[in-house]
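Got a structure for you, written out below as structure tokens; questions coming shortly.
Values in this text are rule-based calculations from the coordinates and carry no lab data. Because the structure is predicted, anything quoted here is derived from the model rather than measured. With ideal geometry, Cβ positions are generated from the backbone for all residues, glycine too; neighbour counts draw on all protein chains shown.
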Amino acid sequence: MIGFTKLQSNGNDFILIDEYHEVVVPEERKGDFAARYCDRRFGVGGDGVLFLGKDDVADLEMRLFQPDRSEAEMCGNGISCLAKYAVERGYVPIGRATIKTRAGVLSLKTEMEDEELFVEVNMGRPRYDRGEIPAAGNGRFLNQRLHGCNVSAVNTGVPHAVIFTERLEEAPVTELSPRIRYDPVFPMGANVNFVRVHTPHEISIRTYERGVEDETLSCGTGSVASAAIAHILKKTSNEVRVHTRGGDVRVRFDGQGNAYMKTCPKMVFRGEIP
């Protein structure tokens, strides 16, 4: 039997496999495992599978395999969920910790607010240069015409395209996003975010996630990407509350340009897979 824990952060849900002490799912089967058990009808259901491990440098290691069998570089909501599990298991204390991801080692802080555990992740500096997104061409990818829209792009751990709209509920998320996600301008693909700015401190977003290949209720890196593009285009301030379909994400930028996202992840249930 394989024990698992189901967690979610603003509706972005994950199956977590604890490999802190030993490997549970062999390396060559991790992608197939995610494809099978992320299925919401014939599996457990989830936007991805988190594998929690040890690391020689960081306190923890996180790997994320998605329903299409691919391994993602990182995931903000995934880190939050993994941190909550690690605190509750006693792998790290409440306070500061580091997590190794394919996008590098990230630091985070856990703290109690109103008897709930909140996780704030230092997502590092958003990368706007096309070579770092990656996107074809030179310079920054801001307000470029693509498939009839003004599109901006940034890497906040994974590539993200951002489109601003005043009619968010009517945005063609599932229709237009795949065309942008697979456009040759993004050689590694891109997540696609539709964003409405309410005030300098408040935005709403809808996100189509690469790897999931559908709209998700929330996306941590998408929340940061949307806030980062809004901020650099002077639409918002350095602190913004991001409303996703699954809940709110708090995003802030410090004086060095680092982005921080804060959420309140939840444990949904535990179980065993035969």
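For segment 44-112, what is the relative contact order in percent, using Cα pairs closer than 8 Å and at least 6 residues apart in sequence?
Across segment 44-112, relative contact order equals 28 percent.
Can you give me the C-alpha center-to-center distance between segment 129-159 and segment 1-74, rounded to a whole angstrom?
The two parts, judged by their Cα centres, are 29 Å apart.
Among rounded, prolate and oblate, which fits segment 117-255 when a ≥ b ≥ c are the square roots of the eigenvalues of its C-alpha gyration tensor, a/c under 1.5 means rounded, and a/b larger than b/c means prolate?
Rounded, since a/c falls under 1.5.
Which whole-number percent gives the relative contact order of the chain, counting Cα pairs below 8 Å spaced six or more residues apart?
21
Using +1 at the Cβ of each Lys and Arg and -1 at the Cβ of each Asp and Glu in segment 130-253, identify which of Val197, Tyr208, Val173 lies farthest towards the dipole's positive end.
Final value for the positive-end residue is Val197.
Taking loop as defined by DSSP and a crowding limit of 13 other beta carbons within 10 Å, which GluC sites (Glu not before Pro) in segment 78-166 fit?
Glu115, Glu166
Ranked highest first by the average count of other Cβ atoms within 10 Å around their residues, in what order do 97-109, 215-227, 190-202, 22-34 fall?
215-227, 190-202, 97-109, 22-34
Ranked from highest to lowest mean number of other Cβ atoms within 10 Å per residue, what is the order of the peptides 71-84, 142-155?
Highest mean packing first, the order is 71-84, 142-155.
Which order do the peptides 175-186, 9-20 come out in when sorted by mean C-beta neighbours inside 10 angstrom, highest first?
9-20, 175-186
Relative contact order of segment 130-253: what whole-number percent is it, with Cα pairs under 8 angstrom and at least 6 residues apart?
Once normalised by length, the contact order is 20 percent.
Can you work out ³J(HN,Hα) from phi for every residue in segment 167-175, in order, using Karplus 6.51 cos²θ - 1.76 cosθ + 1.60 and θ = phi - 60°, giving whole Hz and x for Gly and Pro?
So the Karplus estimates, Gly and Pro as x, are 10, 4, 5, 9, 4, x, 4, 7, 8 Hz.
Please report how many Lys pairs in the chain have alpha carbons closer than 27 angstrom, counting only residues at least 8 apart along the chain or sitting on separate chains.
27
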